[in-house]
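Below is one structure, written out as structure tokens, with a few remarks after it.
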Amino acid sequence: MIPLAWACRAAGHEVRVAAPPGLTNVIAHAGLTPVPVGHDVDVTGAVRSFVRALVPENGTGPAAGPAEGRPSARTPRALGMFVDLAESMVDDLAAFTRDWRADLVVYDPTAWAGPLAAAAAGVPAVRQLYGIDLLFPAREAVIRALEPIRDRLGVEEADPLGALTVDPCPAGLQEDFPGARRRMRYLPYNGAHDAYPARPPERTGRPRICVTWGTTMARLGDEFFLAGHAARALAGLDAEVVVAITPAQRAVLGDLPPNARVAESVPLHLLLPGCDLVVHHGGAGSMLTGLVNGLPQLALPRLPDHAGHARRLAATGAGLVLDPADGFEPAEIRRAVEELLASPGHGRSARDLGEAMAAHPAPVELVADLEDLARVPPEPVEPPEPADGHDRQLSTLTHHAMG
């Protein structure tokens with residue numbers, strides 16, 4: 001959400017980013033103004049509790065239990081988690097939205113306090129996707145789940161899909177759902193750095209494979225962080241394996257084969273332009289950053305949303321996905337990587353998606369759409385002194401994240 005927030009701010013609008021207190025420093029480091037709302041919820045613990053039973057002790061074999069890895073079996077608990085997050089934020093957010101007199105609320109697709117607070121304040125809400133639109137099919141279930149909060153706020157209607165959806169995915173990757181939708185170019189944001197970020201390692205002339213497991217999976221538990229396992233599966237392959245990690249992930253990486261090396265604290269968007277292939281966990285950021293660079297991908301998903309992203313990626317021909325129910329066996333990982341490297345069709349599909357993404361309007365080009373929705377004039381020639389203290393305050397962004 002950061003690039004769109006920057007675009008709104010650069011266009012002269014006031015932007016506040018409302019989130020639980022634990023994200024205050026993250027927002028401030030991005031150069032934006034945080035508004036702490038509600039209280040922190042242990043999202044990481046909640047996710048860990050309902051998926052750990054589906055992952056074996058070593059994290060690489062088939063899941064155990066009667067509902068092996070089926071997203072539908074986990075959906076009710078995930079929905080409940082997002083309702084709890086809405087409960088934790090909505091009262092403070094509704095009060096801030098009303099008192100600050102926001103003209104628009106932009107929210108991520110699981111921050112349901114956003115459309116509720118917007119409805120309570122009588123302003124439009126815009127949903128900004130971070131990847132595949134996985135929650136659209138669950139719209140009616142979400143509406144029912146939010147009824148108690150809506151009734152308490154005295155709101156008759158609050159559509160969790162908002163009045164407009166901002167979509168970073170190209171048409172070939174995203175399913176064609178109805179409703180108002182505006183494509184926006186995906187600009188990777190890999191966080192603020194206290195020092196100049198590390199440079200990508202020099203290329204050796206062999207194919208370069210990037211292995212990355214994002215920033216969330218290691219926090220769920222060692223069995224979820226399979227970057228080292230994937231790199232070891234590629235031992236002896238005539239390719240260079242670069243494992244992108246954060247400093248905190250090094251302790252759970254394990255031993256690496258001779259053809260692998262570590263890239264620590266290198267932002268993914270700087271590392272991938274020099275790569276030929278990405279192996280990852282199915283996270284939206286890793287997937288879309290790979291597609292920006294036209295790279296074929298192998299996904300090894302564990303979580304329901306990761307599986308959803310991986311399935312859509314494979315359906316485009318731009319990548320392959322391994323089923324967690326079958327286990328992520330080293331031989332299968334190596335076979336899939338060799339297939340991706342040898343088949344030009346996967347690379348062409350990935351490049352086609354990357355070119356489609358590059359053709360999307362940049363975040364700055366969407367500001368006018370938000371202004372129209374909020375009915376705020378973009379460039380008043382002589383702005384009058386507001387009689388009621390209501391300044392041009394285009395958007396309150398609301399967000400939550402694991403951690």
- Task: Being assigned to a loop (DSSP other than H, G, I, E, B) and touching a residue at least 24 places away in the same chain (Cβ under 8 Å) is the filter; apply it to the range 220-245 and report the residue that is most open to solvent (accessible area, probe 1.4 Å).
- Result: D238
- Would you confirm whether any residue within the range 318-330 is in contact with a strand residue (DSSP E or B) (Cβ under 9 Å, 6 or more places away or on another chain) and open to solvent by less than 10 Å² (accessible area, probe 1.4 Å)? yes
- Positions within the range 246-281 being part of a strand (DSSP E or B) and closer than 21 Å to H309 by Cβ, in sequence order: L277, V278, V279, H280
- Name, by its number, the condition in (1) surrounded by fewer than 22 Cβ atoms within 10 Å (Cβ to Cβ); (2) at pLDDT below 95; (3) in a loop (DSSP other than H, G, I, E, B) that does not hold for P137. (3)
- Checklist (1) hydrophobic (A, V, I, L, M, F, W, C); (2) surrounded by fewer than 20 Cβ atoms within 10 Å (Cβ to Cβ); (3) in contact (Cβ under 8 Å) with a residue 60 or more places away in the chain applied to L303, failing item: (2)
- Item | Meets criteria (open to solvent by 20 Å² or more (accessible area, probe 1.4 Å) and either of a type in the set (K, R) or under 17 Å from V83 (Cβ atoms) (or both)) for A111 | no
- Task: Only residues in the range 6-29 that are over 16 Å from L85 (Cβ atoms) count as the first member; pair them with residues that are among the aromatic types (F, W, Y), Cβ under 7 angstrom, at least 6 apart or cross-chain, and list the lot.
- Result: R16/W100
- Picking from Y186, Y196, the residue that is free of Cβ contacts under 8 Å to residues at least 24 places away in the same chain, open to solvent by 10 Å² or more (accessible area, probe 1.4 Å) and either within 25 Å of W6 (Cα to Cα) or touching a Pro at 6+ places or on another chain (Cβ under 7 Å) (or both) would be Y196
- Message: Here's a check for you: in the range 257-282, which residue that is without any contact (Cβ under 8 Å) to a residue 60 or more places away in the chain and open to solvent by less than 50 Å² (accessible area, probe 1.4 Å) is nearest to A350 (Cα to Cα)?
- Response: G282
- Message: Checking the conditions here, which among G308, G285 is open to solvent by less than 20 Å² (accessible area, probe 1.4 Å) and under 19 Å from the mean Cα position of the chain (by Cα)?
- Response: G308
- Selected residue (criterion: farthest from D369 (Cα to Cα)) from residues of the range 76-114 that are without any contact (Cβ under 8 Å) to a residue 60 or more places away in the chain and among the small types (G, A, S): A95
- Here the residues within the range 1-46 that are open to solvent by 50 Å² or more (accessible area, probe 1.4 Å), assigned to a loop (DSSP other than H, G, I, E, B) and either touching a strand residue (DSSP E or B) at 6+ places or on another chain (Cβ under 9 Å) or polar (S, T, N, Q) (or both) are M1
- Message: Test of understanding: among P363, P344, P378, which residue is modelled with pLDDT of 55 or more, on the phi < 0 side of the Ramachandran plot and either β-branched (V, I, T) or open to solvent by 60 Å² or more (accessible area, probe 1.4 Å) (or both)?
- Response: P344
- Return a yes/no flag: does the range 148-159 have any residue that is of a type in the set (V, I, T), in a loop (DSSP other than H, G, I, E, B) and at pLDDT below 95. yes
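The values are calculated or read from the model by the stated rules, or taken from the named source; none is laboratory data. Model, not experiment: these values are computed from the prediction. A quick note on method: Cβ atoms are made from the backbone with ideal geometry, for glycine too, and the neighbour counts reach across all protein chains shown. Areas reflect the complete protein model, heavy atoms only, side chains present, ligands, DNA and RNA absent. Shrake-Rupley method; radii C 1.70, N 1.55, O 1.52, S 1.80 Å.
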